[in-house]
Amino acid sequence: VEAQIRFGWSVNGYGVGDLVARMAEVGDAEIDRLVADYEERYAVVPAGSGEEALQLVRAHHPDLVLMDVGLHGSLDGIDAAHRLRLESAVPILYITASLDHATRRRMEASPFDGVLSKPLVEEELRGAIAAIQNRLIDPTP
């Protein structure tokens, strides 16, 4: 729990069989409901590649970036975060299905404000956003 609070890492994990079962539990209707809820509350601008994510951040100046580590294109989410940090101090919350050793090392060496693993759990996402907001309000550790 301390690592989760301090570094934003999610301590929840799933075995391969458990992950498949958990993903099967989450239906398209539930995902559509959650997306609709966030689109109603927030300006959600999805990107299909790291390059597109950079363009959208430049155009929209968001308060938070939810960066999928596995974005397609010549820049994945981690590379896009590196470039984004050169231009902006916007908080970056990684979302990933890949927590293998190599991906984790790349994320640790990159600028980010939190990490959530897929499948997303609404309460964890809300908690991560709240933690980032609290750090912005009171940046003392």
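Order Glu124, Glu30, most accessible first, counting only protein heavy atoms with a 1.4 angstrom probe.
Sorted descending by solvent-accessible area, the residues read Glu30, Glu124.
Summing Lys, Arg as +1 and Asp, Glu as -1, what charge do residues with Cβ under 12 Å from the Cβ of Ile129 carry, Ile129 excluded?
-2
How high is the relative contact order of the stretch 44-123, in percent, with contacts defined as C-alpha pairs under 8 Å that are six or more residues apart?
Relative contact order, the stretch 44-123: 28 percent.
At His60 and Arg126, where each label point lies 7 Å from the Cα along Cα→Cβ, what is the point-to-point distance in nanometres?
That separation, rounded to one decimal, is 2.2 nm.
Using a 1.4 Å probe, how large is the accessible area of Ser74, given in Å² and rounded to the nearest 10?
100
Pull up all non-local amide H partners of His72: gap of 5 or more, or a different chain, and H-to-H distance under 5 Å with H placed in the peptide plane.
Placed amide hydrogens put Gly50 under 5 Å from His72.
State to the nearest 20 debye the size of the charge dipole of the stretch 24-141 about its Cα centre, where the only charges are +1 on K and R beta carbons and -1 on D and E beta carbons.
540
So what are the ³J(HN,Hα) numbers for the stretch 89-97, from phi and the Karplus equation (6.51, -1.76, 1.60; θ = phi - 60°), rounded to whole Hz, Gly and Pro as x?
9, 4, x, 10, 10, 6, 10, 8, 9
Residue by residue through the stretch 117-127, which ³J(HN,Hα) values in whole Hz follow from phi under the Karplus form 6.51 cos²θ - 1.76 cosθ + 1.60 (θ = phi - 60°), with glycine and proline marked x?
9, 7, x, 5, 10, 3, 5, 5, 4, 4, x
The values are calculated or read from the model by the stated rules, or taken from the named source; none is laboratory data. Worth saying up front: this structure is predicted, and the values here are computed from it rather than measured. All Cβ positions, even for glycine, are placed from backbone atoms using ideal geometry, and neighbour counts span all protein chains on display. Please note that ligands, DNA and RNA were not included when accessible areas were found on the heavy atoms of the full protein model with its side chains. Shrake-Rupley method; radii C 1.70, N 1.55, O 1.52, S 1.80 Å.
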